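Worksheet: the structure to be examined is printed underneath.
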Amino acid sequence: MRVGDLEIVPVIDGTGRERAREVLTAPGGDRWACHPDRLDAHGNLELTLGGFLLRTGDRLVLVDAGVGRIHNDHYAGGGFPDALAALGVTTDEVTDVVFTHLHFDHVGWATSRGEVVFDRATYRVHEADWAHFVEAADADPGAVRKLAPLRERLATFDAEHTVAPGLDARPTPGHTPGSTSYVVSSRGERALLIGDVAHSVVELEEPDWQAVFDVDPVAAQAVRHRLADEVADTGDLVAAAHFPGLAFGRIVTVSGRRRFTVV
């Protein structure tokens with residue numbers, strides 16, 4: 001997807017599936033009944049897993065790093081290395097790996113078997129997520145093992161800032177304490193990479209939904225409302241971390257209702 005002079009390329013690692021009615025809910029009964037086209041025949045929500053690649057100036061930036069080698073009843077990864085190779089990209093060319101947050105399905109290829117995968121890159125994440133997932137006394141040991149090798153290449157932040165020309169980090173806490181969206185801008189055009197601010201397009205169309213994955217559901221819902229209000233009926237593009245095919249779209253108002261339209 002082109003944004004002015006910049007191009008954002010999806011890098012797909014695999015697919016996840018969750019029982020939609022168990023992980024995303026909204027007031028007022030079975031709201032999924034109004035969105036049958038968003039689910040598979042078994043009532044599952046299909047989640048594309050992967051990340052986005054952006055070249056800007058002399059920087060090659062990866063936003064999120066897929067789910068890694070995990071293969072279980074819900075999540076299956078493994079495609080990330082081949083997807084990068086198909087783009088002509090080697091791991092030592094990536095200058096920055098920036099995380100929307102540190103859930104397992106976003107950091108899978110940050111390290112592999114205890115070794116840093118993108119060994120020349122700086123890894124960037126909000127300090128609140130690093131504290132929550134790695135430094136906290138009750139941090140999950142699996143997350144600590146996965147992420148601890150990054151310490152020597154880590155750069156944390158705590159506020160909105162420019163990561164690279166045309167790429168700005170915007171903290172959007174709620175899903176996790178340090179959940180961050182990234183704004184790509186060039187020549188008056190913008191695209192927002194929103195991570196897990198929304199897991200399904202229904203959360204942008206009707207922002208009163210709640211996800212069981214959100215650490216702070218109230219804050220997460222407020223972030224979704226603000227983001228949807230900001231980009232609705234503008235030229236801004238939106239891409240979330242798990243929308244089908246990592247497709248970009250716009251929020252438009254049709255007959256008084258918001259709809260996410262893939263471009």
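If I histogram all Cα-Cα distances within the stretch 179-263 using bins 5 Å wide from 0, what percent of pairs lands in each bin?
Spelled out per bin, shortest first, that is 3, 15, 28, 27, 17, 8, 2, 0.
Divide by every residue of the chain the summed helix terms, -39500 (n - 2.57) for each DSSP H run of at least 4, and state the resulting mean residue ellipticity at 222 nm, rounded to the nearest 500 deg cm²/dmol.
Calculated at 222 nm, the ellipticity per residue is -4000 deg cm²/dmol.
Using a Gaussian network model on the chain with a 10 Å cutoff between Cα atoms, which of Gly114, Gly29, Gly79 fluctuates the most?
Highest fluctuation among the options: Gly29.
Going by average Cβ density within 10 Å per residue, which order do the peptides 146-154, 119-127 take, highest to lowest?
119-127, 146-154
Using only the alpha carbons of the stretch 104-227, determine the length spanned along each of the three principal axes and report them from longest to shortest in whole angstroms.
40, 38, 22
Most fluctuating residue of Thr95, Thr180, Thr172 in a GNM of the chain with Cα springs under 10 Å: which is it?
Thr95
I want to verify a result. In a Gaussian network model of the chain, Cα cutoff 10 Å, which of these has the top mean-square fluctuation: Ala85, Ala169, Ala239?
Looking only at Ala85, Ala169, Ala239, the biggest GNM fluctuation is shown by Ala85.
Enter the per residue convex hull volume of the stretch 28-72, computed from alpha-carbon coordinates, in Å³ rounded to the nearest integer.
For the stretch 28-72, the hull spanned by Cα atoms encloses 147 Å³ per residue.
Report relative contact order for the stretch 1-135 in percent, whole number only (criteria: Cα-Cα under 8 Å, sequence separation at least 6).
Computed value for the stretch 1-135: 24 percent relative contact order.
Out of the DSSP beta bridges found with both residues in the stretch 122-263, what percent are antiparallel (nearest 5)?
Bridges in the stretch 122-263 are about 75 percent antiparallel.
Provide, as a two-decimal number, the C-alpha radius of gyration of the chain over 2.2 N^0.38 Å, N being how many residues it has.
Taking N as the residue count of the chain, the ratio is 0.95.
Can you say what percent of the DSSP beta bridges in the chain, counting only those with both residues inside, are antiparallel? Round to 5.
Of all bridge pairs located within the chain, approximately 80 percent are antiparallel.
Could you pull the Cα extents of the stretch 48-153 along its three principal axes, largest to smallest, in whole Å?
Here the spans come out as 40, 33, 21 Å, largest first.
Only the coordinates and a few stated rules stand behind these numbers; no lab work does. Remember, it's a predicted structure, so these values are computed and weren't measured experimentally. Ideal geometry is used to build each Cβ from the backbone, glycine not excepted, and the neighbour counts take in all protein chains shown.
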